[in-house]
Amino acid sequence: MKSFTAFLAAIFLIGAVHAATPNPDANQVKAAHDLLAAMQAEKMMRMTAGMSQYASPAQRKEVMDKVIKLQPELVYSRLALPVAKLLSTETSLEMTKFYQSSYGQKVLHDTYNSGAQLNPSTPKPTAAETAALKKPAYIAANKEFKANEQAIHHETFLLLKAIINGK
């Protein structure tokens, strides 16, 4: 069991080291910004705020009012650098294409507009969409994106905290 856990930890670290870029260039930041816009990251911010715990209903209302008033561009620009540090330029570009596709739009709609589910479902892709999902560039990008998805959500939470604190 210990060796299996060590193996999983090593795989995780390899993926994190491969994707992590301490000083992303302007193209990488722009690609991350475009990805966040395609992902509708302002909705991810609202989701994060809605799932967070608050001391009182009044505090929840105050935070949700702040988040709802946020301009989407502010969310994209403030998250672009942290996300660019997590994802390669190629991954950001490929995932942007995915989220701009008709199937990607269905996935986003399902993610942000469905109610709480025990077993979340994803929409069924058409034959053409299935072919696009089998391309090696998308498969590699999706793998890197999924490996860093929790970190992206964490960066969203950190931004939420900064906005709540007025920074």
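A few points about this structure:
- Boolean, Ser56 is over 13 Å from Leu160 (Cβ atoms), at pLDDT 90 or above, of a type in the set (S, T, N, Q) and exposed (fewer than 14 other Cβ atoms within 10 Å of the Cβ): yes
- Counting residues in segment 129-144 that are open to solvent by 80 Å² or more (accessible area, probe 1.4 Å), of a type in the set (A, V, I, L, M, F, W, C), modelled with pLDDT of 90 or more and in a helix (DSSP H, G or I) gives one or more.
- Scoring Val107 on the criteria (1) under 30 Å from Lys167 (Cα atoms); (2) open to solvent by less than 50 Å² (accessible area, probe 1.4 Å) leaves a single failure, condition (1).
- When restricted to residues that are open to solvent by less than 70 Å² (accessible area, probe 1.4 Å) and either in a helix (DSSP H, G or I) or touching a strand residue (DSSP E or B) at 6+ places or on another chain (Cβ under 7 Å) (or both), segment 75-100 contains 17.
- Residue within segment 154-164 that is open to solvent by 40 Å² or more (accessible area, probe 1.4 Å), assigned to a helix (DSSP H, G or I) and at pLDDT below 90 present: yes
- Segment 121-137 residues that are touching a residue at least 12 places away in the same chain (Cβ under 8 Å), paired with ones that are open to solvent by 70 Å² or more (accessible area, probe 1.4 Å) (beta carbon under 6 Å, 6 or more apart): Pro123/Lys106
The values are calculated or read from the model by the stated rules, or taken from the named source; none is laboratory data. On a predicted model such as this, the values are computed, not experimentally measured, just so you know. In this analysis, Cβ positions are derived from the backbone assuming ideal geometry, glycine residues included, and neighbour counts consider all displayed protein chains. These area figures cover heavy atoms from the full protein model, side chains too; ligands, DNA and RNA do not enter into them. Shrake-Rupley method; radii C 1.70, N 1.55, O 1.52, S 1.80 Å.
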